[in-house]
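> Here it is: the structure, laid out below.
The values are calculated or read from the model by the stated rules, or taken from the named source; none is laboratory data. The shown structure was predicted, so the numbers you read here are calculated from the model rather than taken from an experiment. Don't worry about glycine lacking a Cβ; one is built from the backbone with ideal geometry, like all the others, and counts go over all protein chains shown.
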């Protein structure tokens, strides 16, 4: 009887792991911002994020952002541009009109990107002036990329209205024109085009083929428990 209880408990744990993991999936994302003034180099964000099908939330958005003002005039993917690591998801806002989340990941672990001398909250696209945070004093060198995630199905291709709300800002030294940060926005989305005429043209989201590391960890825990049960059965036998 004790053996059956242990086996049943193990199967229940493994079953709950499968149910819990089924809700969270990892996706890859690639954004492209056309940069007329730095051709053939464009600003590109390549990253990944987790999406919970139950809570309809995005977490762990991170990736790399190219600096189109750097490197030789060679287009991606054969470029030698500088790429920034954006590892801090600090904003996720649901837009009811668009039917999804605008999610932003930053270079620094804060949202201080633009100066607030002329208004704005210091980072939101299309607000205030695209001068670096702290201007005219030291530049903290922040940057960010904003993606859109359809909460019904992240794989759904974006409409033009959704593309218009994509944005990036680069206030790191390689992505600036003097005191002005590089930005990419649309007039329809934010009332202004990017600081060097850059604007978003595409975003592609695909389902990541490799399970999350957490999946392996929980699977190994479950297999370890089954192994413990098997050894106990042999000892009792």
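> Taking segment 173-187, which residues are surrounded by fewer than 13 Cβ atoms within 10 Å (Cβ to Cβ) and at pLDDT 95 or above?
187 - this is the single residue of segment 173-187 that is surrounded by fewer than 13 Cβ atoms within 10 Å (Cβ to Cβ) and at pLDDT 95 or above.
For (1) touching a helix residue (DSSP H, G or I) at 6+ places or on another chain (Cβ under 7 Å); (2) modelled with pLDDT under 95, each residue gets a yes or a no:
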| residue | (1), (2) |
| --- | --- |
| 120 | no, yes |
| 127 | no, yes |
| 130 | no, yes |
| 148 | yes, no |
| 170 | no, no |
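> Conditions first: (1) loosely packed, with under 15 Cβ neighbours inside 10 Å; (2) part of a strand (DSSP E or B). Residue 91 passes all but one, so which condition is the exception?
(1)
> Looking at 97, 113, which is the one that is surrounded by fewer than 18 Cβ atoms within 10 Å (Cβ to Cβ) and either under 21 Å from residue 51 (Cα atoms) or at pLDDT 95 or above (or both)?
Values: 113 fails: surrounded by fewer than 18 Cβ atoms within 10 Å (Cβ to Cβ).
97 is the lone residue from the list that is surrounded by fewer than 18 Cβ atoms within 10 Å (Cβ to Cβ) and either under 21 Å from residue 51 (Cα atoms) or at pLDDT 95 or above (or both).
> Got at least one residue in segment 19-37 being in a loop (DSSP other than H, G, I, E, B) and either surrounded by 16 or more Cβ atoms within 10 Å (Cβ to Cβ) or at pLDDT 95 or above (or both)?
Yes, segment 19-37 contains a residue that is in a loop (DSSP other than H, G, I, E, B) and either surrounded by 16 or more Cβ atoms within 10 Å (Cβ to Cβ) or at pLDDT 95 or above (or both).
> If you don't mind, there's one more thing I want to ask. Show the residue pairs that are 6+ apart or on different chains and have beta-carbon atoms under 6 Å apart, the first residue being within segment 129-154 and at positive phi and buried (at least 20 other Cβ atoms within 10 Å of the Cβ), the second being modelled with pLDDT of 95 or more and part of a strand (DSSP E or B).
From segment 129-154, no pairs qualify.
> Being free of Cβ contacts under 8 Å to residues at least 40 places away in the same chain, surrounded by 17 or more Cβ atoms within 10 Å (Cβ to Cβ) and farther than 21 Å from residue 206 by Cα narrows it down to one of 78, 108, so name that one.
108
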